[in-house]
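Enquirer: Sharing a structure with you now.
The values are calculated or read from the model by the stated rules, or taken from the named source; none is laboratory data. Because the structure is a prediction, the values reported are computed rather than measured. Here Cβ is always computed from backbone atoms with ideal geometry, including for glycine, and neighbour counts include all displayed protein chains. The area values use the complete protein model at the heavy-atom level, side chains included, leaving out ligands, DNA and RNA. Shrake-Rupley method; radii C 1.70, N 1.55, O 1.52, S 1.80 Å.
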Amino acid sequence: MPIDPSMLAKSIGTLADLDPEQDLAATLHQAVIAAKQLFDADAAGVMLADLDGQLRWASASDQRAQTLEDNQEVFAAGPCLQAYTSGRAAVMQDATLEQRWGEIALTFVEVQIRSGLSVPVELGGGAIGTLDLYAVDPREWDDTEVSALQAYAGVVASLLGAAAKAELKGTLAEQFQVAVDSRVD
């Protein structure tokens, strides 16, 4: 389904008022829901790397998306891992036909999802996670969808960057206050 650039801009615009400094989990959830709606997907999610560089579930539109994200984490396989490690979009057009996905395809079929699209979320020059879409039916994700999801991933990266900066400022402010309170006059 081709993505209209004006609809992409409008959808991204709905994310402008989000405040990741106040509630990052709610912000990510709203971004996931907005992406799901724009792309007419059946589920969506975000995975982020932990301190060891392993992808972990971070947000999902629903239980089905969370199951898919959790299983890609457990099996260390699937479109999310491929997008994260390659730095490029990863497409699963039909989980029932694509043997290259191995065991993770069984999970897709089990939760009645046949296709997926994952793109890396990049910050600071490298991938920190993925933004993921899932569809009940087989789907050939076209170039407009890939490009639009990459734009959405850029917004998610900006939201995460803002949250990280706020966290750092808060930590530095706390350290400063401790230093001031503990100084010897």
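Enquirer: Which ones in segment 36-53 are farther than 13 Å from Leu131 by Cα and among the charged types (D, E, K, R)? Walk me through it before giving the result.
Expert: Let us first name the residues in segment 36-53 that are farther than 13 Å from Leu131 by Cα, namely 37-38, 40, 42, 50-53.
Correct list: Asp40, Asp42, Asp50, Asp52.
Enquirer: Name the single residue that is least open to solvent (accessible area, probe 1.4 Å) among those in segment 72-97 being assigned to a helix (DSSP H, G or I) and polar (S, T, N, Q). Step through it out loud before you land on a result.
Expert: Pass one, segment 72-97, residues assigned to a helix (DSSP H, G or I): 72-75, 79-86.
Now restrict to residues that are polar (S, T, N, Q): 72, 82, 85-86.
Values: Gln72: 7, Gln82: 67, Thr85: 100, Ser86: 46 Å².
Of everything passing the filter in segment 72-97, Gln72 is least open to solvent (accessible area, probe 1.4 Å).
Enquirer: Residues in segment 108-152 that are touching a Gly at 6+ places or on another chain (Cβ under 9 Å) and either among the aliphatic types (A, V, I, L, M) or not in a strand (DSSP E or B) (or both): how many?
Expert: 10
Here's the yes/no breakdown for (1) closer than 18 Å to Val121 by Cβ; (2) out of contact with any Asp or Glu (no Cβ under 8 Å at 6 or more places or on another chain):
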| residue | (1), (2) |
| --- | --- |
| Ala60 | yes, no |
| Ala65 | yes, no |
| Val74 | no, yes |
| Ala77 | no, no |
| Thr85 | yes, yes |
| Arg88 | yes, yes |
| Gln99 | no, yes |
| Gly102 | no, yes |
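Enquirer: Shifting gears a bit: Could you please let me know if Pro20 is modelled with pLDDT under 85 and buried (at least 20 other Cβ atoms within 10 Å of the Cβ)?
Expert: Spelling it out, Pro20 is indeed modelled with pLDDT under 85 and buried (at least 20 other Cβ atoms within 10 Å of the Cβ).
Enquirer: Any residue at all in segment 98-107 that's part of a helix (DSSP H, G or I) and either touching a Cys at 6+ places or on another chain (Cβ under 8 Å) or within 25 Å of Ala151 (Cα to Cα) (or both)?
Expert: no
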